[in-house]
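Undergrad: Here's a structure for you.
The values are calculated or read from the model by the stated rules, or taken from the named source; none is laboratory data. What you see is a predicted model, and the numbers here were worked out from it, not measured in a lab. Please note: Cβ atoms are built from the backbone with ideal geometry, for glycine as well, and neighbour counts cover all protein chains shown.
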Amino acid sequence: MRALCWFGKEDVRVETVPDPTILNPRDAIVKITTTAICGSDLHLYDGVIPTMEKGDILGHEFMGQIVEVGSDVKNLKTGDRVVVPFTIACGNCFFCRKGLWASCDNSNPNSWMLEKAYGYGGSALFGYSHMMGGYAGGQAEYARVPFADIGPIKVPDGLADEQVLFLSDIFPTGYQAAENAQIAQGDTVAIWGCGPVGQFAIQSAWMLGAGRVIAIDKVPERLELAATKGKAEIINSDMENVVEKLRSMTGGRGPDGCIDAVGLESTGHTPDALYDRVKMAMKLETDRPTALREVIQSCRKGGTVSIPGVYGGLLDKFPMGAAFGKGLTFKMGQTNMQNYLKPLLNRIVKGEIDPSFVITHRLGLEDAPAAYKTFRDKQDGCIKVVLKPQTATV
Ligand SMILES: NC(=O)c1ccc[n+]([C@@H]2O[C@H](COP(=O)([O-])OP(=O)(O)OC[C@H]3O[C@@H](n4cnc5c(N)ncnc54)[C@H](O)[C@@H]3O)[C@@H](O)[C@H]2O)c1
Ligand SMILES: [Zn+2]
Ligand SMILES: [Zn+2]
């Protein structure tokens, strides 16, 4: 089959690789009809996530048709149309039973790598390095889905792929981010990053009762989408001092909930952003937390900081004094996907939201290498790329 493989920093290629096969009775094989490139894939493309190996198949946002199931998968059959969540979870361990699917103790055969690097083990993800399990991803014609009796959700035929695909990651991720912001009715919620995750955090903040949503980015078309589709007030971080602007917009108090939908590759013009860029280039710092510092500085006393943006290591100049002094609550982490699949599918079925609004680029799998660059560099108005692996070009 054809698959998008990682070969190094800014080097991804579509290669012919062996078809996946059932290796375990709880596996299924999915013929992928639609897949997408995520902001998290850009961290791999930029070479900032360790334990990648040449030839690794990328992609963790995918859906398609079941073509084979293992003998222990009783809830799916050949021909079923499914969306596959990006976290792989067993469904039976201590953490899965608590709904902490992204902390599953059984899905990651390379958990020892995480333990060595971070001091704890963690669940596996599709197409996201060997320390995250080394599973092949879904920017491919087919994928093997482990624990297929727990992850994939069947989707109704009446809904197009593009309406349900983002149940695989960014819609639940934006929703969990809003939930983690502990929004009370009428709260003001500020969201850094108007990429796909930020856009779904905006939508979800309204669903959870926000009274005001303020979105921050510097990419004009992303701010525009936040304002039009997201009905958010917007701040262009290239034009304004974000912390001061938020203070003035909230009567000097700061937003009640602040969401960092940017993560470790944050950019900016402030002195601390320059400091991070230099230190990261010298490999003296693993992450650039520019947005996160602003989040902490901006959030009101007693407010909540929610962090869906991915962080990978040790952060410099983290304003812990301000966080402590203000009594902030922090909530963060990979999305516990399985908690959100059914409720969010129901919202789509009821017509409360059509997640396809973020899509700007529809391409074939062979176009993926160029699409990574376009998405990373925010060229051509790119906000979200979907790929159709069953057609050479679209
Ligand atoms: N927690 C999870 O399970 C999970 C799931 C999916 C994605 N993510 C992470 O969420 C983050 C966002 O994903 P995405 O797909 O939207 O990525 P993206 O790269 O498309 O969007 C990030 C946005 O942040 C903006 N930005 C950069 N620096 C900023 C700053 N200082 N202030 C405000 N905005 C700034 C960029 O211009 C960009 O629009 C990534 O870190 C991704 O890895 C986490
Ligand atoms: Zn993702
Ligand atoms: Zn588990």
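Undergrad: Quick check: anything in the range 138-147 in a strand (DSSP E or B), within 27 Å of P343 (Cα to Cα), at pLDDT 95 or above and within 16 Å of ligand 1 (Cβ to nearest atom)?
TA: no
Undergrad: Could you please give the count of residues in the range 362-394 that are of a type outside the set (S, T, Y), outside any loop (DSSP other than H, G, I, E, B) and out of contact with any Ser or Thr (no Cβ under 7 Å at 6 or more places or on another chain)?
TA: Qualifying residue count, the range 362-394: 11.
Undergrad: Now for a different question. Output the qualifying pairs, or none if there are none: Cβ atoms under 7 angstrom, residues six or more apart or on different chains, first residue in the range 132-150 and within 20 Å of A368 (Cβ to Cβ) and without any contact (Cβ under 8 Å) to a residue 60 or more places away in the chain, second residue among the aromatic types (F, W, Y) and surrounded by 23 or more Cβ atoms within 10 Å (Cβ to Cβ).
TA: From residues that are within 20 Å of A368 (Cβ to Cβ) and without any contact (Cβ under 8 Å) to a residue 60 or more places away in the chain, the pairs are Y135/F126.
Undergrad: Out of all the residues in the range 36-87, which are out of contact with any Gly (no Cβ under 9 Å at 6 or more places or on another chain), over 21 Å from S107 (Cα atoms) and either among the basic types (K, R) or within 16 Å of ligand 1 (Cβ to nearest atom) (or both)?
TA: L42, Y45, D46, K77
Undergrad: Another question about this same structure. Looking at K317, is it over 20 Å from the mean Cα position of the chain (by Cα) and on the phi > 0 side of the Ramachandran plot?
TA: Yes, satisfied.
Undergrad: Note down all Cβ pairs under 9 Å where the first residue falls in the range 348-364 and is among the hydroxyl-bearing types (S, T, Y), the second is surrounded by fewer than 16 Cβ atoms within 10 Å (Cβ to Cβ), and they're at least six residues apart or on different chains.
TA: Short answer, once both residue conditions are applied: S356/A160; T360/E221; T360/D380; T360/G381.
Undergrad: Being out of contact with any Lys or Arg (no Cβ under 8 Å at 6 or more places or on another chain), in a loop (DSSP other than H, G, I, E, B) and either under 22 Å from E221 (Cα atoms) or not small (G, A, S) (or both) narrows it down to one of V262, V243, so name that one.
TA: V262
Undergrad: Going by what's in this entry, would N108 be described as closer than 25 Å to G312 by Cβ, within 16 Å of ligand 3 (Cβ to nearest atom) and in a loop (DSSP other than H, G, I, E, B)?
TA: When the stated conditions are applied, N108 passes them.
Undergrad: When you scan the range 329-346, do you find a residue that is in contact with a His (Cβ under 7 Å, 6 or more places away or on another chain) and part of a loop (DSSP other than H, G, I, E, B), even just one?
TA: No, every residue in the range 329-346 fails to be in contact with a His (Cβ under 7 Å, 6 or more places away or on another chain) and part of a loop (DSSP other than H, G, I, E, B).
Undergrad: Condition first: part of a loop (DSSP other than H, G, I, E, B), modelled with pLDDT of 95 or more and more than 14 Å from ligand 1 (Cβ to nearest atom). Now tell me which residues in the range 119-137 satisfy that.
TA: Hits for the range 119-137 are H130, M131, G133, G134, A136.
Undergrad: A further question follows. Could you count how many residues in the range 88-100 are more than 15 Å from ligand 1 (Cβ to nearest atom) and at positive phi?
TA: 1
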